[in-house]
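To keep things clear, I will list the structure first and then write my remarks on it.
The values are calculated or read from the model by the stated rules, or taken from the named source; none is laboratory data. The shown structure was predicted, so the numbers you read here are calculated from the model rather than taken from an experiment. No Cβ is skipped: glycine too gets one built from the backbone with ideal geometry, and neighbour counts run over all protein chains shown. Accessible surface is based on the protein model in full, side chains and every heavy atom, while ligands, DNA and RNA are left aside. Shrake-Rupley method; radii C 1.70, N 1.55, O 1.52, S 1.80 Å.
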Amino acid sequence: VGPRRPTARPVRWAREEPPGGGPVAAVDAGVRQTTAPVVLVLSADLPFLTPETVETLLNGVEGTEGAQLIDSDGREQPLVAAYRAEPLRREIALLATEHGGLGGLPLRLLVSELALARLQHPTASFDCDTWDDITTARARIREHGRVLDEWITAVKAELGIDLDVDTAALLDLARDAAHGVARPAAPLTTFLVGYAAAQKGGGPEALAAATEKAAALAARWAEEQ
C-alpha cells in the first residue's frame, strides 16, 4: 500500500484514500485487495522480520481475531500482526461510519476492539522510525553478521586463502570511501588494499597497514571536499 516504486518481484499495488491518510486508511486499502480469511499486516521498516516470525503470527490467530507482536518494552505493534479479515473489515466499517472517514485515525482505534493474542519477539518487532533506529539496526546486523562470516569463509576456501580478515576494518574503509569520495570507490578501494597487501608479502600485518593508509587517505579526501 503506497506509491508505486521498484520491487524485486511483481506485486499488486493499492493506495489509501486520501493518499497519506494514515495507517487505518492504508490497512483498509490493502484489505480490499484480498479475499483471504487471514490478513498479514506489516510495516515496511522491519529489518529483522523472518519467515519463522510470520509463521508464528499466522499460527497465533487460531482461536482469536488476530495476533500481534509486542516489543521489548511491552508495547503492542499492530503493524507486525496477522488479523482475521472479517473482524478487521467490521471494525473498519464501524470507524468509517463513526468518524465519517478513515483518514488520520490512529491504528489503536482499529485494533482496540479486537480479541488479539500478543506474542513477544523484541528482535522481529524492531522498526526503523528514526536515523538513530537505522544506526542501531546496522550495528546489530554487524554484530550478528553470521551470513557475512560464512561468506568470507567460503570465499577464502574457494580462493585458497588462509588469512584472518578484519571484516569490521574493511567495512569501515568501504563506508568511508563511499561517503567521502564516491559510492563506486568502496569496492575499488578494498580491492586495491588487498592488492597492495599482497605486494608487501601478504598477511594480517600487511593488510592492516594498507587498510590504515587507505582509511587515512579517505578521511583527508573527505575533509578537502
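A few points about this structure:
- The residue of the stretch 44-64 that is least open to solvent (accessible area, probe 1.4 Å), among those that are within 20 Å of the chain's Cα centre (by Cα) and of a type in the set (D, E), is D45.
- Residue within the stretch 193-208 that is within 30 Å of the chain's Cα centre (by Cα) and of a type outside the set (A, V, I, L, M) present: no
- A178 being assigned to a helix (DSSP H, G or I), in contact with a Lys or Arg (Cβ under 7 Å, 6 or more places away or on another chain), open to solvent by less than 30 Å² (accessible area, probe 1.4 Å) and hydrophobic (A, V, I, L, M, F, W, C): no
- Number of residues in the stretch 21-72 that are closer than 14 Å to F126 by Cβ and of a type outside the set (S, T, Y): the value is 10.
- Hey, V41 farther than 19 Å from E86 by Cβ, without any contact (Cβ under 8 Å) to a residue 60 or more places away in the chain and open to solvent by less than 40 Å² (accessible area, probe 1.4 Å) or not: no
- Number of positions in the stretch 15-69 that are among the acidic types (D, E) and on the phi > 0 side of the Ramachandran plot: 0
- Applying the criterion of being open to solvent by 40 Å² or more (accessible area, probe 1.4 Å) and modelled with pLDDT of 85 or more to the residues of the stretch 183-197, the residue that is farthest from A209 (Cα to Cα) is P184.
- Checking V155 against (1) β-branched (V, I, T); (2) in contact (Cβ under 8 Å) with a residue 40 or more places away in the chain; (3) farther than 16 Å from T211 by Cα, the condition it does not meet: (2)
- Scanning the stretch 65-105 for residues that are under 29 Å from T50 (Cα atoms), more than 21 Å from the chain's Cα centre (by Cα) and open to solvent by 50 Å² or more (accessible area, probe 1.4 Å) gives R84, E86, R89.
- Each residue in the stretch 103-113 was checked for being in contact (Cβ under 8 Å) with a residue 40 or more places away in the chain and closer than 21 Å to E76 by Cα, and 7 pass.
- Residue identified as within 25 Å of L46 (Cβ to Cβ), modelled with pLDDT under 85 and open to solvent by less than 70 Å² (accessible area, probe 1.4 Å) among I134, I141, I152: I134
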